């Protein structure tokens, strides 16, 4: 598949690009700072700003699917940055006729973490979760085929393939998960139609 990755220099994005290249996919990385990208061989680097709607729309043209690993930025737009970038991605997909998107959000984006501890976590992450939710609401208002990943706390441990998935809430394990495992899920979801139009909670099994 020919894939374009936004948020390519973040932890999940870096892992995704490495795996996707190894599996033979054609990868474009839309990045503000190309020198931060760890995997460059086999990657088309598109330098740009995801706040630039025209640049985003132009970059999406000709791809089979979009991979979003975007996160909050610093500065005055910190708490609305994800929704602004998400809007540009959705509008760009619509203009280019690209339907498929896999999107890395966070556990709690659907207010789905149970119990008192869950309420505390969602309160602590209230602003980024609200930002992701606004982005997703806009993206899903379009004619897209989506998969939303909702990982528990991210860690930099090595890839674990036996991670737990939950389509309804968060996995019973409710443990943090390696970024590499989240990237593995995003790549898997692109080639398995059971993940089309789903939102999936992810956690480590151990």
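Bear in mind that the values in this text are calculations on the coordinates, not laboratory data. Note that the coordinates shown come from a computational prediction; the quantities given were computed from them, not determined experimentally. Every residue, glycine as well, gets a Cβ built from its backbone with ideal geometry; the counts of neighbours run over all protein chains shown.
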How high is the relative contact order of the chain, in percent, counting Cα pairs under 8 Å that sit 6 or more residues apart?
19 percent
How big is region 97-157 along each principal axis, measuring the range of its Cα positions in Å and listing the largest first?
42, 28, 17
Most fluctuating residue of 41, 176, 28 in a GNM of the chain with Cα springs under 10 Å: which is it?
41
Among 99, 194, 40, which one shows the highest mean-square fluctuation when the chain is modelled as a Gaussian network with alpha-carbon springs under 10 Å?
194
Pairwise FRET efficiency - residue 51 versus residue 137, Cβ, R0 = 22 Å, nearest 0.05
0.70
Would you order 79, 25 from fewest to most other beta-carbon atoms within 10 Å of each residue's own beta-carbon?
79, 25
Taking region 1-52 on its own, what percent of its Cα-Cα pair distances exceed 12 Å?
55 percent
Give me the three principal axis extents of region 2-203 from the C-alpha atoms, as integers in angstrom, largest value leading.
45, 35, 32
Would you please state the base-10 log of I(q)/I(0) at q = 0.10, 0.13 1/Å for region 80-181, with intensities from the Debye formula using one equal scatterer on every alpha carbon?
-0.31, -0.52
Counted neighbours (other Cβ, 10 Å), sorted fewest up, put 198, 9, 33 in the order 33, 198, 9
How many angstrom separate the Cα center of region 51-74 from the Cα center of region 13-27?
17 Å
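Could you work out the relative contact order of region 152-203? I mean the mean sequence separation of Cα pairs under 8 Å and 6+ apart, divided by the number of residues, in percent.
Working: 77 pairs, mean separation 26.5, N = 52.
After rounding, I find 51 percent.
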Using a 10 Å cut-off around each Cβ, can you sort 166, 141 from fewest to most neighbouring Cβ atoms?
141, 166
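Could you work out [θ]222 nm for the chain from helices alone, using -39500 (n - 2.57) per DSSP H run of at least four and dividing by all its residues? Round to the nearest 500 deg cm²/dmol.
Working: 6 runs with 73 residues, N = 206.
About -11000 deg cm²/dmol.
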Label-to-label distance, nm, for residues given as residue 23 and residue 156 (7 Å Cα→Cβ offset)
2.5 nm
Hey, what angle do you get for helix 115-124 against the long axis of the chain, alpha-carbon based, 0 to 90 degrees rounded to 10?
40 degrees
